[in-house]
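Trainee: Just passing along the structure, written as structure tokens.
The values are calculated or read from the model by the stated rules, or taken from the named source; none is laboratory data. Just so we're clear, the structure is a prediction, and the values are computed from it rather than from any experiment. Ideal geometry is used to build each Cβ from the backbone, glycine not excepted, and the neighbour counts take in all protein chains shown. To get the accessible areas, we keep the full protein, side chains included, count just its heavy atoms, and leave off ligands, DNA and RNA. Shrake-Rupley method; radii C 1.70, N 1.55, O 1.52, S 1.80 Å.
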Amino acid sequence: PQPGFPLYEVIAESHGASVVHYRLDPNRNWEIDLEHLEEIMSDSTASGTIRGILINNPSNPTGAVFSLQHLQDIVTFCNQYQLPIVSDEVYGNLTYGSNQFHPMAQIAAQCGKQVPVITTSGLAKQYLLPGWRVGWVTFHDNMYHSLQEVEAGAKSLSQVILGASHLVQSVIPKLLSPCSQIDLWKENLRKTLETQAGFLYRELSKCNGLEPFAPQGAMYSMVKFDINKLDLKDDLDFSSRLLQEENVFVLPGTAFGCPNVFRVVFCCDEPILGEAARRIAGFCERHAN
């Protein structure tokens, strides 16, 4: 996806794969631009070499959560072009407002089990355990067993190159099993992030020249800035000078393949977010045209 997490491309290319970017549409809450996907697949030089599609929902960096209908449309598209789906769902149920998370494998099964889905997730985000470095891959094959050899190969590779802590792995069944205490903790986390997301969105909406996108999920939001209202050249200039002048760090959209926006994270407590927003507001006032 573009904008998307850049490590996807780095890992793919390190294994000799080439990457074709598809656009996310900011005017449709950062949904996948299906028309652009059609253009990609109609290109005779690309269509024969594209072997699958990667989807990130909820999204880093956009904070988007795909609707049920949009996910069904994606499955229909992939069935038409016989594309397996790799679905990064590490942010899972971290969704806000009326937005709901729908697992891609579940949607594919409901649509006739024609499209194979490989789902990736882990403990880092939904359980706030990034240092444990534990995740998993689940294979949801179609009725034609298209993933049979892929799954067997992945299992063989995992036995050779992975060395996850057995002690850490032993916690996974407990965390993923129904438990009222864990479920309550997760819901409190979700509500806290939802409150902080709304707070930062409202504060940044007051800043001269900025147009934040309301986050629907995950831990991030994208903010668009108007280069006609600020005396800054681009998102790299904005983020660099903001860090130098206000000691506030944001990631420029160029890092995700999307210029003239930047990404913010709303995991901090409200007082810290409020201070950051005040510094960003002052920065925008100083650089207003």
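Trainee: Residue by residue through the range 226-244, note down the ones that are touching a helix residue (DSSP H, G or I) at 6+ places or on another chain (Cβ under 6 Å) and touching a residue at least 40 places away in the same chain (Cβ under 8 Å).
Mentor: Scanning the range 226-244 gives Leu232, Leu242.
Okay, residues lined up against (1) touching a helix residue (DSSP H, G or I) at 6+ places or on another chain (Cβ under 6 Å); (2) within 21 Å of Ala12 (Cα to Cα); (3) charged (D, E, K, R):
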position	(1), (2), (3)
Arg51	no, yes, yes
Asn56	no, yes, no
Asn60	no, yes, no
Ser67	no, no, no
His70	no, no, no
Val86	no, yes, no
Gly97	no, no, no
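Trainee: While we're here: State whether one or more residues within the range 5-24 are of a type in the set (S, T, N, Q) and within 21 Å of Ala218 (Cα to Cα).
Mentor: In the first step, residues of the range 5-24 are kept if they are of a type in the set (S, T, N, Q); the result is 14, 18.
Subsequent filtering for residues that are within 21 Å of Ala218 (Cα to Cα) retains none.
There is no residue in the range 5-24 that is of a type in the set (S, T, N, Q) and within 21 Å of Ala218 (Cα to Cα).
Trainee: Any residue in the range 10-23 that is farther than 19 Å from Cys78 by Cα, in contact with a strand residue (DSSP E or B) (Cβ under 9 Å, 6 or more places away or on another chain), in contact (Cβ under 8 Å) with a residue 60 or more places away in the chain and not charged (D, E, K, R)?
Mentor: There is no residue in the range 10-23 that is farther than 19 Å from Cys78 by Cα, in contact with a strand residue (DSSP E or B) (Cβ under 9 Å, 6 or more places away or on another chain), in contact (Cβ under 8 Å) with a residue 60 or more places away in the chain and not charged (D, E, K, R).
Trainee: Moving to a separate point now. Can you name the residue in the range 238-271 that is open to solvent by less than 50 Å² (accessible area, probe 1.4 Å) and more than 24 Å from the chain's Cα centre (by Cα) and is also nearest to Gly4 (Cα to Cα) among such residues?
Mentor: Looking at residues that are open to solvent by less than 50 Å² (accessible area, probe 1.4 Å) and more than 24 Å from the chain's Cα centre (by Cα), I get Leu242.
Trainee: Tell me which of these Trp185 doesn't satisfy, since it passes every other one: (1) part of a loop (DSSP other than H, G, I, E, B); (2) open to solvent by 50 Å² or more (accessible area, probe 1.4 Å).
Mentor: (1)
Trainee: Look at the range 224-237 and say how many of its residues are surrounded by fewer than 16 Cβ atoms within 10 Å (Cβ to Cβ) and either under 16 Å from Cys258 (Cα atoms) or of a type in the set (A, V, I, L, M) (or both). So that I can check it myself, show each step before the final result.
Mentor: Residues of the range 224-237 that are surrounded by fewer than 16 Cβ atoms within 10 Å (Cβ to Cβ), as a first pass: 226, 228-229, 231, 233-234, 237.
Now narrow it down to the ones that are either under 16 Å from Cys258 (Cα atoms) or of a type in the set (A, V, I, L, M) (or both): 226, 233-234, 237.
Of the residues in the range 224-237, 4 are surrounded by fewer than 16 Cβ atoms within 10 Å (Cβ to Cβ) and either under 16 Å from Cys258 (Cα atoms) or of a type in the set (A, V, I, L, M) (or both).
Trainee: Go through (1) under 26 Å from Phe213 (Cβ atoms); (2) surrounded by 14 or more Cβ atoms within 10 Å (Cβ to Cβ); (3) over 18 Å from the mean Cα position of the chain (by Cα) for Leu71 and report which single condition fails.
Mentor: (3)
Trainee: Against the definition (more than 24 Å from Ile74 (Cβ to Cβ), part of a loop (DSSP other than H, G, I, E, B), open to solvent by 50 Å² or more (accessible area, probe 1.4 Å) and modelled with pLDDT under 95), how does Pro173 come out, yes or no?
Mentor: Working: more than 24 Å from Ile74 (Cβ to Cβ): yes; part of a loop (DSSP other than H, G, I, E, B): no; open to solvent by 50 Å² or more (accessible area, probe 1.4 Å): yes; modelled with pLDDT under 95: yes.
The answer is no for Pro173.
Trainee: Of all the residues that make up the range 40-66, how many are among the hydroxyl-bearing types (Ser, Thr, Tyr) and not in a helix (DSSP H, G or I)?
Mentor: Taking the range 40-66 first, the residues among the hydroxyl-bearing types (Ser, Thr, Tyr) are 42, 44-45, 47, 49, 59, 62.
When the remaining residues are screened for being not in a helix (DSSP H, G or I), the result is 49, 59, 62.
Final tally of qualifying residues: 3.
Trainee: Let me ask something additional. Report the residue count in the range 98-115 for those that are open to solvent by less than 40 Å² (accessible area, probe 1.4 Å) and touching a Gly at 6+ places or on another chain (Cβ under 9 Å).
Mentor: Residues in the range 98-115 being open to solvent by less than 40 Å² (accessible area, probe 1.4 Å) and touching a Gly at 6+ places or on another chain (Cβ under 9 Å): 1 in total.
Trainee: Moving on. Just to verify a result, which residue in the range 29-53, among those that are within 22 Å of Leu251 (Cα to Cα) and free of Cβ contacts under 8 Å to residues at least 60 places away in the same chain, is least open to solvent (accessible area, probe 1.4 Å)?
Mentor: To start, the set of residues in the range 29-53 that are within 22 Å of Leu251 (Cα to Cα) comprises 29-32.
Filter once more, keeping what is free of Cβ contacts under 8 Å to residues at least 60 places away in the same chain: 31-32.
Values: Glu31: 48, Ile32: 5 Å².
Per the stated criteria, the residue is Ile32.
Trainee: Write out, first by first residue and then by second, each pair whose Cβ atoms fall under 6 Å of each other, whose residues are 6+ apart or on separate chains, and whose first residue, in the range 102-120, is under 8 Å from Asn142 (Cβ atoms) while the second is among the small types (Gly, Ala, Ser) and surrounded by fewer than 19 Cβ atoms within 10 Å (Cβ to Cβ).
Mentor: Filtered contacts from the range 102-120: Pro116/Ser146.
Trainee: If Ser146 satisfies all but one of (1) within 25 Å of His36 (Cα to Cα); (2) of a type in the set (S, T, N, Q); (3) open to solvent by 30 Å² or more (accessible area, probe 1.4 Å), what's the number of the condition it fails?
Mentor: Checking Ser146 against (1) within 25 Å of His36 (Cα to Cα); (2) of a type in the set (S, T, N, Q); (3) open to solvent by 30 Å² or more (accessible area, probe 1.4 Å), the one that fails is (1).
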